[in-house]
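First up is the structure itself, then whatever we jot down about it.
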Amino acid sequence: MHPALHSWREELPANVVRLLAYVGALVVLSMAAAQFFQSKSLKPPIAPGDRSDWITIEKPFPAFTLAIPEAAGQPESYVIRRHATGNGRKDILGLGAPDGATPYLHVEIYRAGKEITQFATPEETIAADAVALAPVKIAAAGPVASKFGPLTLLTFETVRDPPRYCLAFTRTYDDPLLQISGWFCQGGTFVQDSTLACALDRLTLIYSGSDPKVGALFAQAELNRSYCGQRDPLLAATPKYHALWKALEGQPPRRAR
């Protein structure tokens, strides 16, 4: 037999053993890696509580407007949220800077769906909706008349720097099941009752869609509009509050009752 052939046959068993050893090692490493990644999730699972029941609508088409010419140039925001299962809708309007000492008006119109049968108390509503402001010292301070009827008022302060003094409000209806709520904040002093009522005088409906009762509610509110105490649509510039936004500066502190 040729010497080269003889050498190959003698070395074959050793090569096979080494190959099998390599393959076995790879199998063991693969199993260990699979076990490790199964036990360690790459992304923690989303708990049911982490998902909000409210979905923010992209590119919202406004149903309401808050026309305050005195605040021209101030930042504005409009957000619509829909309840995932109950189909309730929240239109959230903001006017002014959410942070800082300058005035900020926040208005929320909540048209409830099947997700609730009644609204929370004013204190619970404001505490939940204004949680981002970290409200403290929430106290009753109302009611006050408005074109939407009597508003339940509360005052609260914020602990952020600079601190703000806020006058919060709620107004609920049973038919339609609707709530108007929000707050008017500024640095240094509380907003006056009459100033808040004047600001809400400018909240109007653009369209009610498939909610004729909401349309009727806002139509009645327009009949009750006081034009900030003037009761004259010819004086729509509301001369009593011709500087509504700027007039907030230097007002005396308002004490909770």
| note | In region 102-124, anything exposed (fewer than 14 other Cβ atoms within 10 Å of the Cβ) and out of contact with any Gly (no Cβ under 6 Å at 6 or more places or on another chain) is listed as T117, Q118, T121, E124
| task | Could you grab me the full set of residues in region 90-125 that are aliphatic (A, V, I, L, M) and within 12 Å of the chain's Cα centre (by Cα)? | result | I92, L93, V107, I109
| query | For region 71-84, does any single residue satisfy the condition of being surrounded by 19 or more Cβ atoms within 10 Å (Cβ to Cβ) and at pLDDT below 85? | reply | yes
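So that you can scan it fast, the table gives a plain yes or no per residue for (1) among the charged types (D, E, K, R); (2) closer than 23 Å to D175 by Cβ:
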site	(1), (2)
K90	yes, yes
A97	no, no
G100	no, no
Y110	no, yes
Q118	no, yes
S146	no, yes
L151	no, yes
| field | Matching option when the condition is touching a Phe, Trp or Tyr at 6+ places or on another chain (Cβ under 7 Å) and buried (at least 17 other Cβ atoms within 10 Å of the Cβ), among A141, A221, A197 | value | A221
| In region 54-64, which residue that is touching a Phe, Trp or Tyr at 6+ places or on another chain (Cβ under 9 Å) and not small (G, A, S) is modelled with the highest pLDDT? | F64
| Answer residue from region 150-167, given it is touching a residue at least 24 places away in the same chain (Cβ under 8 Å) and outside any strand (DSSP E or B) and is surrounded by the most Cβ atoms within 10 Å (Cβ to Cβ) among those | R164
| query | Does V191 satisfy the criteria of being over 18 Å from R89 (Cβ atoms) and touching a residue at least 40 places away in the same chain (Cβ under 8 Å)? | reply | yes
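Would you confirm, using the coordinates I've provided, whether R164 is basic (K, R) and at pLDDT below 95?
Numbers: basic (K, R): yes; at pLDDT below 95: yes.
Spelling it out, R164 is indeed basic (K, R) and at pLDDT below 95.
Yes or no, residue by residue, for (1) crowded, with 20+ Cβ neighbours inside 10 Å; (2) modelled with pLDDT of 95 or more; (3) small (G, A, S):
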position: G100; (1), (2), (3): no, no, yes
position: I126; (1), (2), (3): yes, no, no
position: V136; (1), (2), (3): no, no, no
position: F148; (1), (2), (3): yes, yes, no
position: F169; (1), (2), (3): yes, yes, no
position: L177; (1), (2), (3): no, yes, no
position: T189; (1), (2), (3): no, no, no
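The values are calculated or read from the model by the stated rules, or taken from the named source; none is laboratory data. Not measured: the values here are computed from a predicted model. As a convention, Cβ positions derive from the backbone with ideal geometry for all residues, glycine included, and neighbour counts pool all protein chains shown.
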